[in-house]
Amino acid sequence: MKILVTGGAGFIGSNFIHYWLGKHPDDNIINLDLLTYAGNLENLKEIEHLNNYEFVRGDICDRDLVNDLVKKVDLIVHFAAESHVDRSVFSPRKFVDTNIAGTHNLLEAARNTGGVRFHHISTDEVYGHLGPNDPPFNEKTPYAPRSPYSASKAASDMLVQVYFTTYKLPITISHCSNNYGRFQFPEKLIPLIITNLMLGKKIPLYGDGKQIRDWIHVDDHNRGVETIIEKGRIGDTYCLGGNNEVTNIDIARMILDIMGHDEDKIEHVADRPGHDVRYAIDFSKINKELNWEPKIDFQKGLREKIKWMIENEQWWRRIRSGEYQDYYKQQYG
């Protein structure tokens, strides 16, 4: 296959490209990424020399570029999105432009090119949040977004669904819980805790730190995406969860224990506006229909993540300093 991966220089997208080419070495991938702050081509150094991999710097909001690229491929895997909730609270317009208008450009190009297969990466945050005793989200949970980020993703999901209903575009959608693993941008909770400890700094936790998230390893997530692409029912939505509901403060405690620090490193800070209390995913549909389930034990995956961050200190330090953004110029002029 020839595949267009959008947002392939980001955390999950770059891991997907590594995963896919490792499992499907005869396929060809075009990676379209604008290289905003979250895009890092250093994530892809290991494969950039391959003849079946091509990087294109560009914006999914660029209609002409998107149309040209989609004509070359059989499948679109759409990761590209503005995704940081805090940033959406203070600068919502970019989220509307990228997540809604950019997705629409891709859908139109797919429709106008004879119906290119389209897989859309979404999030559990479109479902809102849960109380402590509420059942987990599933594919039938009503949408109830609570931030500009999740509202823009909900809108993009609905566009994708409509292109199947109205135009019979062959689509699938996946909703995943919180990811962790290598190449995760250091502003996110787990790598932020690790890097702050390595720098001798405090760990900032919103409020009381009792917000609950379901954590899935990025490799389990991408294996789920592969399963949906290969075996999923066209027009359907699938939820991918890690079966790991953990409070933020317990995440901090786990990392502190592994790295040999005390809880006095935790610093509670003012909670963010509209902070969701709990996310949890019921992945029984994909388990029953497609025989997928997460395989990576959270404690083991967390230890491997910490080890990777320690062994790749230069990687995250270059992000903190901004030097990582020079890599494109060094490689591509």
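The values are calculated or read from the model by the stated rules, or taken from the named source; none is laboratory data. All values derive from a computational prediction rather than experimental measurement. With ideal geometry, Cβ positions are generated from the backbone for all residues, glycine too; neighbour counts draw on all protein chains shown.
Odds and ends about this structure:
- Of the residues making up segment 32-51, those that are surrounded by 15 or more Cβ atoms within 10 Å (Cβ to Cβ) and either farther than 21 Å from Asn312 by Cβ or of a type in the set (A, V, I, L, M) (or both) are Leu32, Leu34, Leu35, Thr36, Ala38, Leu41, Leu44, Ile47.
- Residues located in segment 60-74, provided they are under 25 Å from His221 (Cβ atoms) and either in contact with a helix residue (DSSP H, G or I) (Cβ under 7 Å, 6 or more places away or on another chain) or without any contact (Cβ under 8 Å) to a residue 60 or more places away in the chain (or both): Ile60, Val66, Val70
- Figure legend. Inter-residue proximity from segment 153-170: first residues closer than 18 Å to Ile100 by Cα, second residues among the basic types (Lys, Arg) and not in a helix (DSSP H, G or I), beta-carbon distance below 9 Å, spacing 6+ or different chains. Indicated pairs: Leu169/Arg117.
- His129 passes every criterion in (1) closer than 13 Å to Ala155 by Cα; (2) touching a residue at least 40 places away in the same chain (Cβ under 8 Å); (3) not aliphatic (A, V, I, L, M) apart from (1).
- When segment 171-191 is limited to residues that are more than 23 Å from Asn138 (Cβ to Cβ) and touching a strand residue (DSSP E or B) at 6+ places or on another chain (Cβ under 9 Å), the one that is modelled with the lowest pLDDT turns out to be Lys188.
- Segment 184-206: number of residues that are among the aromatic types (Phe, Trp, Tyr) and part of a loop (DSSP other than H, G, I, E, B): 1
- Of the helices (runs of 4 or more DSSP H) lying entirely inside segment 36-103, the ones with 2 or more residues being in contact with a Pro (Cβ under 7 Å, 6 or more places away or on another chain) are found at 85-90, 92-95.
- Taking segment 162-193 as the range and being crowded, with 16+ Cβ neighbours inside 10 Å and out of contact with any helix residue (DSSP H, G or I) (no Cβ under 9 Å at 6 or more places or on another chain) as the test, the residues that pass are Phe164, Leu192.
- A single member of Arg111, Arg93, Arg117, Arg87 is surrounded by fewer than 22 Cβ atoms within 10 Å (Cβ to Cβ) and within 16 Å of the chain's Cα centre (by Cα), and it is Arg87.
- Residue, farthest from Trp20 (Cα to Cα), within segment 207-253, restricted to residues that are of a type in the set (S, T, N, Q) and in a helix (DSSP H, G or I): Asn248
- Odd one out for His221, checked against (1) closer than 25 Å to Lys285 by Cα; (2) surrounded by fewer than 23 Cβ atoms within 10 Å (Cβ to Cβ): (2)
- Segment 269-289 - residue that is in a loop (DSSP other than H, G, I, E, B) and small (Gly, Ala, Ser) and, of those, farthest from the chain's Cα centre (by Cα): Ala270
- Pro204 vs. criteria modelled with pLDDT under 95 and under 17 Å from the mean Cα position of the chain (by Cα): no
- Of the residues making up segment 199-245, just one is without any contact (Cβ under 8 Å) to a residue 40 or more places away in the chain and of a type in the set (A, V, I, L, M, F, W, C), namely Leu199.
- Top-ranked residue in segment 290-333 [being surrounded by fewer than 18 Cβ atoms within 10 Å (Cβ to Cβ) and not in a helix (DSSP H, G or I); ranked as modelled with the lowest pLDDT]: Gly333
- The residue pairs whose first member lies in segment 306-321 and is touching a residue at least 60 places away in the same chain (Cβ under 8 Å), whose second member is part of a helix (DSSP H, G or I) and acidic (Asp, Glu), and whose beta carbons are closer than 9 Å, counting only pairs six or more residues apart or on different chains, are Trp315/Glu42; Arg318/Glu42; Arg318/Asp326; Ile319/Glu42.
- Residue count, segment 126-158 (criterion: more than 18 Å from the chain's Cα centre (by Cα), at pLDDT below 95 and among the small types (Gly, Ala, Ser)): 1
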